[in-house]
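The values are calculated or read from the model by the stated rules, or taken from the named source; none is laboratory data. Source: prediction; values computed, not measured. Cβ atoms come from the backbone with ideal geometry, glycine included; neighbour counts cover every protein chain shown. We work out accessible area using only protein heavy atoms, side chains counted, and drop any ligands, DNA or RNA first. Shrake-Rupley method; radii C 1.70, N 1.55, O 1.52, S 1.80 Å.
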Amino acid sequence: MLFFQIFLINEVIKKVTKIEFLIKFIRRIDNHNCQGAYMNGNLKMKESIEAGNISVGIIGLGYVGLPTAIGFLDAGYTVWGVDVSQRVVETILRGENPTGDPEINDIIPTPNTKNWNITTDTNLAVENCEILIVTVPTPVTSDLKPDLKYVKSAGENIFKSIKPNSGKIVVLESTVYPGVTAQSWLPLIEKYGLIEGVDVHIAYCPERFNPGDEANGVRKVARVIGSLNPEIGEILVGVYSKLTSGRVDYVGKLEVAEAAKVIENVQRDINIALVNELARIFPALEIDIEDVLNAAATKWNFHRYTPGVGVGGHCIPVDPYYMIQRAEQVGVPAELITAARAVNRTMPIHVYSVLKDILYTNNVAANDSNVLFLGWSYKAEVGDHRETPAEHLALALTDSGVKVSVWDPHLEKDVYPNNVEVITDIRSAKGFDLVVLVTGHSVCINLDWSSLLQNMREPLVYDGRRVLDINKLEDLGWNVYAVGRP
Ligand code: SAJ
């Protein structure tokens, strides 16, 4: 009896699955037959794009999403910005900037700006937008593995709100390894009974704007687009061509666009790793790396990069691990990428040992020394401390008994770890043994070095970004050291 019951249930399940399959098959056929009509649907979408009367939803209003949302508003689109954080949404609705990036302080739309809708409700944005753009973080886990949880949760929230036959376009902009968009989102589309190419279209268009660089901002930087359906790719070329004055290219497969973005950052990490490694080698040869770079840069095809205390930010020190992981998955180890990453990752420790030598050579006991960091941001002229190498350098120093204080007018007081003192007024900086320039902000480079010298215990300065005028400082009486200088 039991056996007969199980057999019956199995048969029913098989039938249901078959029916489900049949429905989807018919919808695809039907859609294919009315592809023309749907194409007309796309045509309608294309026309409304050209007419500019479509709404764009931006999912994730952080360092990338908020400037992107403001860019689309600026380009004349109705924008629905979504963030899971109530604090972020309320801050933006007050016309204030929730990201630490002061660069966009003055461009946050004022409250009740027309066509500017900010919410925590993804469903509302999906209902009101033809195109949804996902700009969520793609960090790494503590063991340096890609962490795709935000890409997946954003996808979950979007796809569960999409209605059949709506033909919405969902674009991922976050930096990922080749394959993530399809691998993360197609199962979700399936889960919610949707059909990619009928109910929804997915595409990839990596964000590329360069923080702190107006010439390569959201409205000027070139873009590339990959998608499963070339027509959707072309539609998005139209959409992004209104956003940026830079060129916009449809490059075919999702994976091509995904790979393009990740290698742009991998290439930069490798190039920086080369000069950082040379900055370790040349002093041992009694050669100053800057002299060598100046000489090499006279050659037309020498690409100059700058050595420094380390590589920070949410992109360059993170994205290579995506490529390393993907290469491992297919059994082709990324040796060069891995090696370069290790060089840049250990630069703060290299600089730490150099600073210890400087203190020792100048008879300053480490556990009785006061070091002043100029800058904490991961790079010049931005107020962004994410993955800053300053944190690793400061920790190594304080762990060895050195007292570290920091001055960085680009950052709020609450971003610092508790092992450092924060100085808000550089004129009050007194009693230091060593100044370390960690970030090349112009305010750090152009500060009053002679009065700072008056307040120092020892006239020692270390240029960790090769931005200081060494001769001028030596003329003032400073004892100048620098990364890559013997
Ligand atoms: N750095 C050096 N030496 C150099 C150049 C940079 O040590 O010669 C350091 C910087 O000080 C900083 C880090 O590298 O700590 C990264 O700074 P960055 O200016 O190289 O890059 P990001 O992270 O601000 O922006 C990068 C850019 N990618 C490329 O230039 C290939 C930007 O265009 C991307 O949009 C961004 O990553 C991103 O979001 O992916």
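General observations
- Paired Rg and Dmax values of the range 74-188, which use every Cα atom, in angstrom: 15.4, 45
- Take 251-259, 324-332 and order them by the average number of nearby Cβ atoms within 10 Å per residue, most first; the result is 251-259, 324-332.
- Taken over the chain, the convex hull of the Cα atoms encloses 186 Å³ per residue.
- In the range 224-283, the alpha-carbon atoms span a convex hull of 80 Å³ per residue.
- Cross-link partners of residue 403 among aspartates and glutamates (Cα-Cα below 12 Å; sequence separation of 8 or more within a chain): 368, 421, 433
- Computed from the Kirkwood radius of its Cα pairs, the Stokes-Einstein diffusion coefficient for the range 202-355 at 20 °C and 1.002 mPa s stands at 121 µm²/s.
- Label-to-label distance for residue 106 and residue 216 is 2.3 nm, based on points extended 7 Å past Cα in the beta-carbon direction.
- As a length-normalised measure over Cα pairs under 8 Å and 6 or more apart, the relative contact order of the chain settles at 11 percent.
- Share of carbon and sulfur in the accessible heavy-atom surface of the range 68-184 [1.4 Å probe, %]: 49
- Along each principal axis, Cα extent of the range 139-185, largest first, Å: 41, 18, 15
- Legend: residue pairs 152/379; 160/191; 220/261, Cα-Cα distance threshold 19 Å; pairs beyond threshold, 152/379.
- Folded to 0 to 90 degrees: helix 149-159 orientation relative to the chain principal axis, Cα: 30
- Multiplying each eigenvalue of the alpha-carbon gyration tensor of the range 435-486 by 5 and taking the square root yields semi-axes of 16, 13, 10 Å, largest first, rounded to whole angstroms.
- Estimated from the Cβ-Cβ distance and a Förster radius of 45 angstrom, the FRET efficiency linking residue 11 and residue 152 is about 0.80.
- Between the beta carbons of residue 53 and residue 165, assuming R0 = 22 Å, the FRET efficiency works out to 0.60 to the nearest 0.05.
- Taking every protein chain into account, the accessible area of the range 121-258 amounts to 36 square angstrom per residue (probe 1.4 Å).
- For peptides 140-152, 177-189, sequence by mean Cβ density within 10 Å, most packed first: 177-189, 140-152
- With the Kirkwood sum run over all distinct C-alpha pairs, the range 358-486 has a hydrodynamic radius of 14.6 Å.
- Note on the range 126-204: semi-axes of the ellipsoid equivalent to its C-alpha gyration tensor, largest first and rounded to whole Å, are 23, 12, 10.
- On the basis of the beta-carbon distance and an R0 of 45 Å, residue 330 and residue 285 show a calculated FRET efficiency of 0.70.
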